[in-house]
Amino acid sequence: MSLDSSTLYLVATLVAAMLGGMLLFFGRQERITALNWWGCAYLLGSVAVGLWTLAGPLLGEMLSLLFNAVGFVACGMVWTAARVFHGRRPNWAGLFLGAIAWIAAIMLLPAEMTPLRATIGAGIVALYAMLTAYELGTERRKSVQRRWPTVLIPLLHGFVLMLPIVLGDLLHADDKTFGASIWVTAFAVELVLYAVGTVFLIFMLVSERTVAAHKVAASCDPLTGLFNRRGFSEVTARMIEREAKAGRPVTVLIFDIDHFKSINDRFGHPAGDEVLKLFATVITNTLRITDLTGRIGGEEFASMLPCTLEEAMQAAERVREAFANCGVEVDETPVVTTVSIGVAGGPAGTEFDVLLAAADTALYQAKRGGRNRVQAAEEEPLSLEQGRKAAISGQASPSRVRNVVRSGVTMNMQSAQ
């Protein structure tokens, strides 16, 4: 069974046009600029293949070769779409450079040098394929770096395109029938598969980015940019597990901005929001990059530090002092910015809920003690398992065991406030 290459190229034209329209539709619907670029590239590519396949005999050899430049612009648009998808600007010179190089080649090279023209054309497409693979491969997010097909498929496309040309130049340079051999049919089949496979990869990338954006929205506080309670709980759980394997302790800090309600009442909620953002900046700039911080309530923040209680107390004091010296003014009226901080540390593997409950108790001791101060937990919190064992053996007081076991209830009560 033989496959007619003209029919296959016609199928490639129709498939590319259909996929281009679909990409444009979703690009406008989802307002994703890169999809619009990819859609236009597919439509332009379908026009180029259609002109070359169907209208080539009618246009004449020279006009047909000139119209092939449209296809090279389409290849440049695919590369540009990859740049735009990753937040980079279009490279307009590079977009049209391939088409310009092709027009120069057919104008300067005589007709008897057709194999060299074909090699140049294949090289231009292969170069754009490699540039596209490079743009996809340099994405910083690890989740995309693991998507090796986004790099492999463009490279394979360039390899499949160049292989018959190279073999033709090296092995069959004088064989004029090489261009009509099985390589042309194979490339026509590969062109259809590449068009469909690339669209699949495009939607995979878009879907992955959308899911990542939703995860960020679900775990981050939109006002301060810090983790929200849910996100903070997730990342601290991973830190506790990692530090527990190494046998290292962790410490939790809870911050409560003093008299925050009075700031809202006197200056309005916009001023209160600015104070919250200011405090988030103070924490971020004062603590280490390895420390985790989240906003767990209205004016309550929490941090987890992979260090001892003594080191955490020093870090908390630096935050308290930095926030107190901010010198905030609203309408030329000074705003007192102080914070009370509760600190609790525990042995390796102590549960997050237990540490948070102990730090919360220390926080309210700090507020009762006059505010604008750092207070450490009076007792080292027990893990839930240690608390139950202590209750059985009688080594812990009933009140302390109840506080440990019911720490989740304590947290919920504070959250409700």
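Could you count how many residues in region 271-283 are within 27 Å of PHE352 (Cα to Cα) and in contact (Cβ under 8 Å) with a residue 24 or more places away in the chain? Looking only at that region, the number is 7. The residues of region 271-293 that are over 23 Å from the mean Cα position of the chain (by Cα) and of a type in the set (Gly, Ala, Ser), listed by number, are ALA271, GLY272. Once region 324-357 is narrowed to residues that are of a type in the set (S, T, N, Q) and in a strand (DSSP E or B), the residue that is nearest to the chain's Cα centre (by Cα) is SER340. Checked against the criterion of being more than 20 Å from the chain's Cα centre (by Cα) and without any contact (Cβ under 8 Å) to a residue 60 or more places away in the chain, the candidates GLY225, GLY247, GLY268 yield just one match: GLY268.
Taking ALA74, is it closer than 24 Å to SER6 by Cβ, among the small types (Gly, Ala, Ser) and modelled with pLDDT of 85 or more? When the stated conditions are applied, ALA74 passes them.
Scanning region 308-322 for residues that are surrounded by fewer than 20 Cβ atoms within 10 Å (Cβ to Cβ) and of a type in the set (A, V, I, L, M, F, W, C), we see that the one that is nearest to THR236 (Cα to Cα) is LEU309. Yes or no: region 358-367 includes at least one residue that is closer than 25 Å to LYS277 by Cα, within 36 Å of the chain's Cα centre (by Cα) and either assigned to a loop (DSSP other than H, G, I, E, B) or modelled with pLDDT under 90 (or both). No; the residues of region 358-367 include none that is closer than 25 Å to LYS277 by Cα, within 36 Å of the chain's Cα centre (by Cα) and either assigned to a loop (DSSP other than H, G, I, E, B) or modelled with pLDDT under 90 (or both). Among the residues of region 15-47, just one is of a type in the set (Ser, Thr, Tyr) and closer than 17 Å to LEU205 by Cα, namely THR33. Somewhere in region 261-279, is a residue aliphatic (A, V, I, L, M) and outside any helix (DSSP H, G or I)? Looking through region 261-279, none of the residues is aliphatic (A, V, I, L, M) and outside any helix (DSSP H, G or I). Can you confirm whether VAL206 is at pLDDT below 90, surrounded by 14 or more Cβ atoms within 10 Å (Cβ to Cβ) and either under 24 Å from the mean Cα position of the chain (by Cα) or within 30 Å of MET77 (Cβ to Cβ) (or both)? Here the answer is yes, as VAL206 does meet what is asked.
The values are calculated or read from the model by the stated rules, or taken from the named source; none is laboratory data. This one's a predicted model, so the numbers in the text were calculated from it and none came from an experiment. We place every Cβ from the backbone using ideal geometry, glycine too, and count neighbours over all the protein chains shown.
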